[in-house]
Every structure is written in C-alpha cells, then in structure tokens.
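Data first, discussion second: the structure below is written as structure tokens.
Laboratory data are not the source of any read-out in this text; all were calculated from the coordinates shown. The shown structure was predicted, so the numbers you read here are calculated from the model rather than taken from an experiment. Here the Cβ positions follow ideal geometry from the backbone for every residue, glycine too, while neighbour counts run over all protein chains shown.
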Amino acid sequence: MTYDYKWPRAVAHGGNTGAHYDVVYMGRGTKNVYTMWTPFGDTPLELGTLAMCLGSQHFSKIRQTYGEMDVDRDNVATGWFSEDPVEIVDTFGGRWATTSFEAGDAIIFGMYMMHTSLNNMTDRYRISSDTRYQLASEPVDERWVGRKPKGHYAWGKTTPKPVADARKEWGV
Ligand SMILES: O=C(O)CCC(=O)C(=O)O
C-alpha cells in the first residue's frame with residue numbers, strides 16, 4: 001500500500017533540507033516503510049539533489065535516541081538531526097553520496113537512512129515528490145492514510161524544543 005498523503009515539494013533558490021531519518025515523521029506503524037523520492041525532470045546537482053549518508057542505518061546511538069523521536073509527541077524543531085552534513089560523518093562515520101538525476105529516475109530508501117538535500121544554487125525551482133510505501137499487512141501510521149489524512153497535528157503548534165537541546169539530552 002501507499003500512504004494516501006503525498007509530499008510535493010518546490011524548493012526555491014538557496015533552499016535545502018537538513019539531515020534526518022524519516023522515521024521521526026512517520027514511525028507510528030511498521031518501521032518497514034519506504035520513501036520514494038522522485039525529481040520531476042532532469043535534476044542536476046546544482047538544483048539540489050537528495051544525498052544519502054551511506055552507513056547511517058547502522059548508527060546505533062542515533063537510532064536509539066533521535067530515531068525514537070516522534071515530532072508530534074516530542075515537538076522538536078525542525079525534526080532534522082543536523083544542518084551540517086560534515087559534522088555527521090566526522091562524528092559518526094558514514095559517507096555522503098548523491099548523483100545527478102534524469103527524468104524518470106527515483107531513489108527508494110528506508111526509514112533509518114540519514115538523508116539531506118544539496119542547496120538549490122539555481123534560479124529555478126527544484127520540483128520533486130516524496131511518496132511512501134509499506135506492506136498492507138503491517139501496522140500503518142494513522143496520520144498519513146484516509147480521505148483526509150490528519151498529518152502532523154501537534155508538531156510546531158507550541159514552542160518547539162531546539163534539536164540542539166534534545167541532542168544534549170540524548171548524548172549524540
Ligand atoms: O526533497 C527534499 O528536499 C527532501 C525530501 C526528503 O527528505 C524525503 O524524501 O524524505
């Protein structure tokens with residue numbers, strides 16, 4: 001099955017997405033959910049491709065702390081683990097990887113794959129979508145299914161805790 005909720009994105013000049021695990025946004029059902037990131041059209045690096053931290057699925061301390069977070073329950077801004085990809089590999093290991101994408105390409109990855117996006121250095125929007133898939137036989141995160149999925153119902157509604165504070169508490 002696929003989540004009924006879809007995430008279309010238009011990222012403007014200078015925009016990017018910080019490094020995160022998707023599980024913090026959609027971890028209430030099975031953890032065996034897969035994200036498919038689909039750029040709409042040819043997407044060279046300078047338009048802001050998605051980058052994967054290879055090996056990050058094995059960062060056990062991050063999985064046991066940040067990876068247990070739920071943004072609606074814990075209200076941590078921004079949900080991103082870090083806005084500094086170099087800090088992550090320097091501290092925890094792994095290796096960043098990306099590529100230019102062509103129309104028709106997509107990348108599929110699991111909930112514990114740390115990913116980020118490159119900055120959009122152009123004057124064009126980078127248009128893409130994130131869609132999610134899991135086995136229909138496994139429990140589903142109720143926020144993302146139905147005719148009108150409720151989505152993030154609490155996150156950001158009150159003053160959020162900065163991730164830097166949360167990371168101090170987690171010791172990562
Ligand atoms: O497109 C982006 O900038 C971020 C996408 C993303 O984080 C995701 O697909 O989970």
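If we count every other residue with Cβ under 12 angstrom of Arg126's Cβ, Lys/Arg +1 and Asp/Glu -1, where does the sum land? Can you show the working numbers first?
Numbers: positive: Arg9, Arg124; negative: Asp42, Glu46, Asp123.
Combined, the nearby Lys, Arg, Asp and Glu give -1.
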Once the Cα atoms of the stretch 90-172 are picked out, what are the Rg and Dmax in Å? 17.3, 44
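Please work out whether the stretch 1-104 counts as rounded, prolate or oblate from its C-alpha gyration tensor, where a ≥ b ≥ c are the square roots of the eigenvalues and a/c under 1.5 means rounded, while otherwise a/b larger than b/c means prolate and anything else oblate? Present the calculation step by step, with values, prior to reporting the outcome.
Numbers: a/c = 1.67, a/b = 1.21, b/c = 1.38.
It is oblate, given that a/c is not under 1.5 and a/b is not larger than b/c.
Normalise the Cα radius of gyration of the stretch 7-170 by 2.2 N^0.38 Å (N = residues in it) and let me know the number.
Details: Rg = 15.7 Å, N = 164, 2.2 N^0.38 = 15.3 Å.
Compared with the compact-globule rule of thumb, the stretch 7-170 sits at 1.03.
Under a Cβ-Cβ cut-off of 14 Å, what is the net charge of the residues other than Thr17 that fall near it, where Lys and Arg count +1 and Asp and Glu count -1?
Values: positive: Arg9, Arg126; negative: Asp22, Glu83, Asp84, Asp130.
Local net charge: -2.
What longest range of the chain stays clear of loop-exposed trypsin sites (Lys or Arg not before Pro) (DSSP non-H/G/I/E/B, at most 10 other C-beta within 10 angstrom)? The partial results should precede the final answer.
Numbers: sites that count: Arg147, Lys157.
Result for the longest clean stretch: 1-146.
In a shell of Cβ-Cβ distance under 12 Å around Pro149, excluding Pro149 itself, what net charge do Lys and Arg (+1) and Asp and Glu (-1) give?
On the way: positive: Lys6, Arg132, Arg143, Arg147, Lys148, Lys150; negative: Asp4, Asp141, Glu142.
Its environment carries a net charge of +3.
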To the nearest 20 debye, what charge dipole does the chain have about its Cα centre, counting +1 at the Cβ of each Lys and Arg and -1 at the Cβ of each Asp and Glu? 500
Out of all DSSP beta bridges in the stretch 7-170, what portion is antiparallel? Express it as a percent rounded to 5. 90
